[in-house]
Amino acid sequence: MEAVEQLKQWIKESENIVFFGGAGVSTESGIPDFRSQDGLYHQQYDYPPEQILSHTFFMKKPEEFFRFYHNKMIAADAKPNKAHLALAKLEWEGKLKAVITQNIDGLHQDAGSREVLELHGSVRRNHCMRCGKFYGLETIQAQAGVPRCSCGGMIKPDVVLYEEGLDMDTLNKAVAYISQADVLIVGGTSLTVYPAAGLVDYYRGKKLVLINRDATPLDGSADLVINGKIGEVLSQACG
Ligand code: NAD
Ligand code: ZN
C-alpha cells in the first residue's frame, strides 16, 4: 500500500491520534524553519542564531536579540496552512487528542485547534520582567528595539530560549498524551532539539508516522516514513 494510503487508513480507524510537530509545519505559511537549506541557520548574522536565542545573549545584548526577534521570529501576518487546518479538523471530528508543538507562532490555534501544547512557548504571550504585567504580541510589535513595560521594566517573550528549561506541566501532559496514543504522527521537525525530540521515545504503539521533507534520526525506527510537504500529505490523508 502506498504510504499516504496507509496513513489515511490508520487515521480513519483511530480515535486517539496525537500529533507532534516542529518548524516544518509552518514553512508552508511562509515562516522559515531553522535547519533546512533556506532556514535561518543558513543565513548570515553577526552571531549564530543559537547564540542570539540563548538566555545569556538575551540578558547581555537585548537590543541585538530584539533586532533578530523582530525580523525573524515574529510572523504576525502568517496564516495557517493545510497542515494546521487538517489537524484542527481531526480534533473537531474527535479523532485527534492533542497537538504538541515546538513552534511559537500560534498558528495551530488560528486554525481552530484547542488542545495545543506549546513546548517552547509563544510569541503571543509576554511578561514584564520587573512587575510581571502581561502583554500580547501587539505591544512587542509596536515598540521598535527593546520593549518596555509601563513600569520601565524590560518585557520578555514567553518563548523558551536556549539554556532555559521547559515548563514541566506542559512536558508532563505531552508525555501522557504520547504514551497513551494509538497513532503518533510526527512531522516537520528535524528531531534534533532536546528535550522535545526525546518525547517520541514515550510512544508505545505500533503506528509511528514520520512526515518530513528531509531525513531524521528516527526514520529507521518509524513504522511509516513519508518524505514530502506536510500540508499536502496531511490534507490528502485526512481528505
Ligand atoms: P528544524 O528547523 O530543526 O527542522 C525543520 C524540519 O522540517 C526539517 O527537517 C525540514 O526538512 C522539515 N520541513 C520543512 N518544511 C517542511 C514541509 N513543508 N513539510 C515537511 N517537512 C518540512 O525545526 P524544529 O525541529 O522544529 O526545531 C527548531 C526549533 O526552532 C524549535 O524548537 C522551534 O521552537 C523553533 N522554531 C519555531 C518556528 C515557528 O514557530 N514557526 C520557526 C523556526 C524555529
Ligand atoms: Zn512592569
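Of interest is the spacing of the C-alpha centroids, which for the stretch 114-145 and the stretch 146-210 amounts to 17 Å.
For the stretch 32-74, give the percent of accessible area contributed by carbon and sulfur heavy atoms, probe 1.4 Å, rounded to a whole number. Of the solvent-accessible surface of the stretch 32-74, carbon and sulfur hold 47 percent. Principal axis extents of the Cα atoms in the chain, from largest to smallest and rounded to whole angstrom, are 59, 34, 30.
Taking the longest Cα principal axis of the chain as reference, the axis of helix 3-13 is set at about 90 degrees.
Viscosity 1.306 mPa s, temperature 10 °C: give me the Stokes-Einstein translational D for the stretch 32-74 in µm²/s, with Rh taken as the Kirkwood radius over C-alpha pairs. Walk me through the intermediate numbers first.
On the way: Rh = 10.6 Å.
After rounding, the answer is 150 µm²/s.
Going highest first, how would you order 126-137, 12-23, 187-198 by mean Cβ packing within 10 Å? The partial results should precede the final answer.
Numbers: 126-137: 14.7, 12-23: 20.6, 187-198: 18.1.
For the peptides 126-137, 12-23, 187-198, the packing ranking is 12-23, 187-198, 126-137.
Computed with a 1.4 Å probe over protein heavy atoms only, the accessible surface of the chain comes to 47 Å² per residue.
Per-residue 3J(HN,Hα) values for the stretch 24-30, derived from phi via the Karplus relation 6.51 cos²θ - 1.76 cosθ + 1.60 with θ = phi - 60°, read x, 5, 9, 5, 6, 9, x Hz in sequence order (x marks Gly and Pro). Restricting the stretch 150-239 to trypsin sites (Lys or Arg not before Pro) that sit in a DSSP loop and have at most 15 other Cβ atoms within 10 Å of their own Cβ leaves Arg204, Lys206. Kirkwood's formula applied to the C-alpha pairs of the stretch 188-229 gives a hydrodynamic radius of 10.7 angstrom. Gain on full extension, evaluated as 0.36 nm per residue between Glu164 and Lys206 minus their Cα-Cα distance, stands at 11.8 nm.
Over the chain, what is the percentage of antiparallel beta bridges among all DSSP beta bridges, to the nearest 5?
Working: 8 of 29 bridges.
Close to 30 percent.
Write down Rg/Rh for the stretch 29-129, rounded to two decimals, with Rg from the C-alpha atoms and Rh from the Kirkwood relation over Cα pairs.
Result: Rg/Rh = 1.02.
Once backbone amide H atoms are built at 1.01 Å from N, Gly121 has Val160 as its partners under 5 Å, excluding neighbours fewer than 5 places away on the same chain.
Against the longest alpha carbon principal axis of the chain, how many degrees, from 0 to 90 and to the nearest 10, is the axis of helix 82-92 turned? For 82-92 against the chain, the angle is about 70 degrees. For the stretch 1-57, dividing the convex hull volume of the Cα atoms by the residue count gives 130 Å³ per residue. Around the amide H of Lys133, modelled in the peptide plane, lie the amide H atoms of Cys128, all under 5 Å away and 5 or more residues distant in sequence or on another chain. In order along the stretch 93-102, the Karplus-derived 3J(HN,Hα) couplings, from 6.51 cos²θ - 1.76 cosθ + 1.60 at θ = phi - 60°, round to 7, x, 9, 10, 8, 7, 10, 10, 10, 8 Hz, and Gly and Pro are given as x.
As a length-normalised measure over Cα pairs under 8 Å and 6 or more apart, the relative contact order of the chain settles at 26 percent.
The values are calculated or read from the model by the stated rules, or taken from the named source; none is laboratory data. Just so you know, these numbers come straight off a predicted model, no measurement behind them. Counting neighbours? That spans all protein chains shown, and the Cβs are built from the backbone with ideal geometry, glycine included. Heads up: the accessible areas ignore ligands, DNA and RNA and are worked out on the full protein's heavy atoms, side chains in. Shrake-Rupley method; radii C 1.70, N 1.55, O 1.52, S 1.80 Å.
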